[in-house]
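Written below as structure tokens is the structure these notes are about.
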């Protein structure tokens with residue numbers, strides 16, 4: 001065995017490969033930045049104030065009626081709430097939102113390329129003396145979401161729910177005069193994992209009483225102390241079709257590429273006389289994890305309504321990143337160069353269980369939020385006190401697990417570097433072959449460390465750039481480069497290239513020990529071949545090194 | 001609150017006298033602001049005027065020929081323009097409720113009376129706030145889906161609206177509001193060519209500048225909100241958007257600009273305006289400019305159109321502009337007791353329906369002599 005390809009690659013070839021990967025990475029960034037539009041489109045929709053004529057309508061009745069803000073069957077509407085006059089009761093007011101908004105005199109349609117819709121609520125509340133917002137005021141929302149594909153079709157109910165959200169509003173003391181608005185933070189409204197209808201209609205009501213049709217009684221007590229509502233805005237965020245197209249194309253391109261490299265890698269290992277060692281198995285798993293992430297099953301969403309796709313893609317990403325983390329641990333462990341026998345997964349149970357625990361926490365959190373949203377898109381775990389504590393608990397646990405993991409990882413890397421330092425001192429005393437192999441080991445480790453650090457640093461840098469550019473964006477300014485898209489595509493491409501590079505460079509080399517090593521003593525060679533034929537070459541070297 | 005109503009009543013009185021006055025004296029310039037004054041309730045129902053046999057736009061007074069054309073082209077926009085003008089006028093009156101000039105309107109198509117013919121700070125403010133009102137209400141109407149023409153402006157996209165929309169979505173409607181307001185409001189200024197150094201040219205340049213300042217007050221002053229919607233709702237993907245401030249905030253902002261307005265004059269060539277005092281900062285596109293000093297608002301004056309402050313209510317112990325000292329220009333004030341009947345112990349809801357009791361109390365009212 002001649003070690004891995006990386007060691008036997010000449011510097012020229014390695015630099016060439018580095019440049020090639022760099023160029024490919026740049027292509028990914030540029031495709032994201034120049035070809036793709038921004039990842040998401042935002043439409044800010046003002047609620048049309050619809051007036052229900054009858055005052056004595058129950059919640060059940062409201063559920064059956066749709067209020068459309070425009071087009072045929074338009075509801076009876078008012079421009080402002082003040083126009084309604086004092087006779088209209090709060091229960092009679094329905095806010096209607098229909099997307100998409102018409103543009104350029106043309107009725108647009110939503111498309112399944114939009115993938116998912118996220119929505120937030122922005123309630124404008126005016127300061128009114130005697131009607132201030134109470135502390136921890138809750139809004140109780142009667143919500144209903146419908147969809148249809150043609151103007152002539154009736155609305156199909158997607159979800160209906162009664163939700164409670166806590167208002168988070170503030171106003172400066174000096175501004176407490178009539179007509180000033182509170183500064184309220186936006187409230188999460190719904191998250192829909194698919195966008196399969198052409199038109200969406202949201203009806204929203206802030207009832208102050210429940211009307212019981214049988215006893216004809218009003219039960220008051222909801223939506224009190226929320227101030228004077230002026231307007232209700234809903235912000236709909238959907239993925240841009242252009243971005244989806246670029247994303248799908250990248251996935252469709254990367255899936256067979258990584259699969260091919262993975263097959264080649266495994267075939268190489270199978271060609272060896274020995275059984276694959278742990279590191280090679282870990283690399284294989286990493287490749288498989290990436291392949292399942294790349295698998296472009298999203299294409300089906302264009303024809304079928306798959307609301308679970310959002311959840312699934314989260315899980316798939318989670319699987320990949322957890323495998324990546326596990327791989328780093330195993331890689332550092334296998335390069336430890338001490339006398340401890342490793343090469344078995346059980347050796348890493350502490351580290352891996354931290355990863356597993358973190359993943360489980362995040363998975364539970366995910367299921368509590370996006371999982372429940374499959375049945376009720378309006379659900380938000382953060383809206384209730386107990387729910388947000390639970391969610392926060394899981395996130396904190398996952399955070400602790402992540403911290404533990406990084407402490408483990410840093411400690412292992414530290415130990416490796418310490419051992420490397422110790423080995424470097426004793427290198428001159430070693431025979432040529434052993435020196436070569438130790439140097440190979442050190443080189444392999446340092447190479448991976450460097451490339452991983454570069455990838456991680458680039459992820460962080462681009463993340464920050466995209467976040468900053470996103471929040472500093474202004475109207476009327478057209479970005480020539482879409483930073484957020486560049487970030488998403490670039491990072492996706494980068495980890496793909498990272499894994500491909502690992503699979504290629506850390507595959508066993510077929511080159512045999514070169515002629516330069518012939519000078520070495522015979523027993524050294526014998527000794528070496530014996531060791532190399534063992535299943536865990538690395539650990540054996542480590543043991544030998546300890547003996548040295 | 002009742003005090004305000006009382007104030008309004010006195011204001012109405014003033015208005016009535018001034019109308020009388022106006023009919024006898026001046027013929028003030030008609031402006032599009034009048035859209036905010038007349039009963040435009042019919043405008044809310046677009047079918048009414050589309051089906052109507054008469055071309056409504058030519059019957060509207062106050063529109064310049066260019067604006068009439070725009071009105072015909074964009075008939076459905078006119079209710080929003082009218083609402084915008086109304087919003088501007090109301091906000092002006094709120095911001096200047098405690099000033100000697102209180103932005104009171106007259107019942108003709110000049111809206112604010114001949115006072116706005118003087119190229120003063122006050123005229124600047126009226127231009128800006130009305131322009132701001134139009135941007136605001138057009139953007140609002142667009143976002144409600146009331147106007148179907150609102151644009152979908154985005155560069156870097158394939159051709160064809162549907163494909164554009166699917167590819168990269170649409171830009172926000174505030175931009176459309178800005179563009180429409182620019183076209184509509186500036187139309188009347190751009191209609192004629194004026195010679196260099198002429199009074200008309202300087203006024204035109206001033207109006208254009210102040211209109212732009214008003215539009216920018218809406219368009220450039222926004223609040224940004226963001227939503228994280230990445231993996232598991234994390235901030236790995238964050239989307240931000242801008243929303244308009246409330247019109248009161250825009251009014252506050254413009255009031256500040258009014259206080260810091262720049263006095264300007266022609267440059268040497270007589271083609272552009274430059275600041276009179278080079279010590280001050282150069283006015284930006286968001287600042288207001290004016291040409292003439294404000295007239296004396298203390299005494300009624302036929303020539304300037306000032307109505308004076310006689311009969312205006314004032315605060316006895318205040319040192320500000322609303323204080324009787326300043327408001328009454330040293331003429332002194334009358335005090336009388338009146339009994340207020342007002343709503344009290346109200347039980348409010350978030351909208352509309354309020355349960356109140358009525359209370360009576362006696363208050364002192366001070367009015368300028």
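Quick note: the coordinates plus some simple rules give every number you see, no bench work behind them. As the structure is a prediction and not an experimental result, all values here were calculated from the model. Note that we place each Cβ from the backbone using ideal geometry, even for glycine, and neighbour counts take in every protein chain shown.
Is the shape of the protein assembly as shown rounded, prolate or oblate, going by the alpha carbon gyration tensor and its root eigenvalues a ≥ b ≥ c, with a/c under 1.5 for rounded and a/b larger than b/c for prolate? In terms of gyration-tensor shape, prolate.
For the pair residue A:418 and residue A:149 in one chain, pulling the backbone fully straight at 0.36 nm per residue adds 90.3 nm over the alpha carbon distance. The label point for residue A:388 and the one for residue B:338, both projected 7 Å from the Cα toward the Cβ, are 4.7 nm apart. Counting only DSSP beta bridges whose two residues both lie in the protein assembly as shown, roughly 95 percent are antiparallel. Mean residue ellipticity at 222 nm, helices only, chain A: -16000 deg cm²/dmol; runs of at least 4 DSSP H residues each add -39,500 (n - 2.57), and the sum is divided by the number of residues.
What angle, in degrees between 0 and 90 and rounded to the nearest 10, separates the Cα long axis of helix A:432-471 from the longest principal axis of the Cα atoms of chain A? It is inclined by approximately 20 degrees. A Stokes-Einstein calculation at 37 °C with viscosity 0.692 mPa s, built on the Kirkwood radius of region B:315-369 over Cα pairs, returns a diffusion coefficient of 242 µm²/s.
For the segment B:242-248, counting C-beta atoms of other chains within 10 Å of every residue's C-beta and taking the mean gives 5. Between residue B:362 and residue A:259, the distance separating the two model label sites (each 7 Å from Cα on the Cα→Cβ line) works out to 9.3 nm.
Mean separation of Cα pairs under 8 Å and 6 or more residues apart, divided by the residue count, gives region A:40-239 a relative contact order of 36 percent. Compared with the dominant principal axis of the Cα atoms in chain A, helix A:349-366 is inclined by about 20°.
Inter-chain Cβ neighbour count for A:34-47, averaged per residue, equals 6 (cutoff 10 Å, partner chain atoms only). Estimated translational diffusion coefficient (Stokes-Einstein, Kirkwood radius over Cα pairs, 10 °C, 1.306 mPa s) of region B:195-345: 79 µm² per second. Rounded to the nearest 5, the antiparallel percentage of DSSP beta bridges internal to region B:315-369 is 95%. What the Cβ-Cβ distance of residue A:34 and residue A:304 gives, at R0 = 35 Å and to the nearest 0.05, is a FRET efficiency of 0.65. With both residues required to sit in chain A, DSSP beta bridges show an antiparallel share near 100%.
Before anything else, pin down the relative contact order of chain A: Cα pairs under 8 Å, at least 6 apart, normalised by residue count, whole percent.
Rounded, it is 23 percent for chain A.
Could you tell me whether chain A comes out rounded, prolate or oblate from its Cα gyration tensor? Rule is a ≥ b ≥ c as square roots of the eigenvalues, rounded for a/c under 1.5, then prolate if a/b exceeds b/c, otherwise oblate. It is prolate, given that a/c is not under 1.5 and a/b is the larger ratio.
For the pair residue A:252 and residue A:174, the difference between a 0.36 nm per residue extended length and the Cα-Cα distance amounts to 22.3 nm. Computed from Cα positions, the angle between helix A:241-271 and the longest principal axis of chain A comes to roughly 20 degrees.
Ranked from largest, the principal axis spans of the Cα set of region A:40-239 equal 47, 45, 29 Å. Assuming R0 = 60 Å, what is the FRET efficiency of residue A:135 and residue A:273, from their Cβ-Cβ distance, to the nearest 0.05? Taking R0 as 60 Å, the efficiency between residue A:135 and residue A:273 is 0.20. The label-point distance for residue A:292 and residue B:198, in a model that sets each label 7 Å from Cα toward Cβ, rounds to 7.9 nm. By definition, a body whose alpha carbon gyration tensor gives a ≥ b ≥ c is prolate when a/c is 1.5 or more and a/b is larger than b/c, and region A:80-196 fits this prolate description.
Using C-alpha pairs below 8 Å separated by at least 6 residues, the relative contact order for region B:315-369 is 39 percent.
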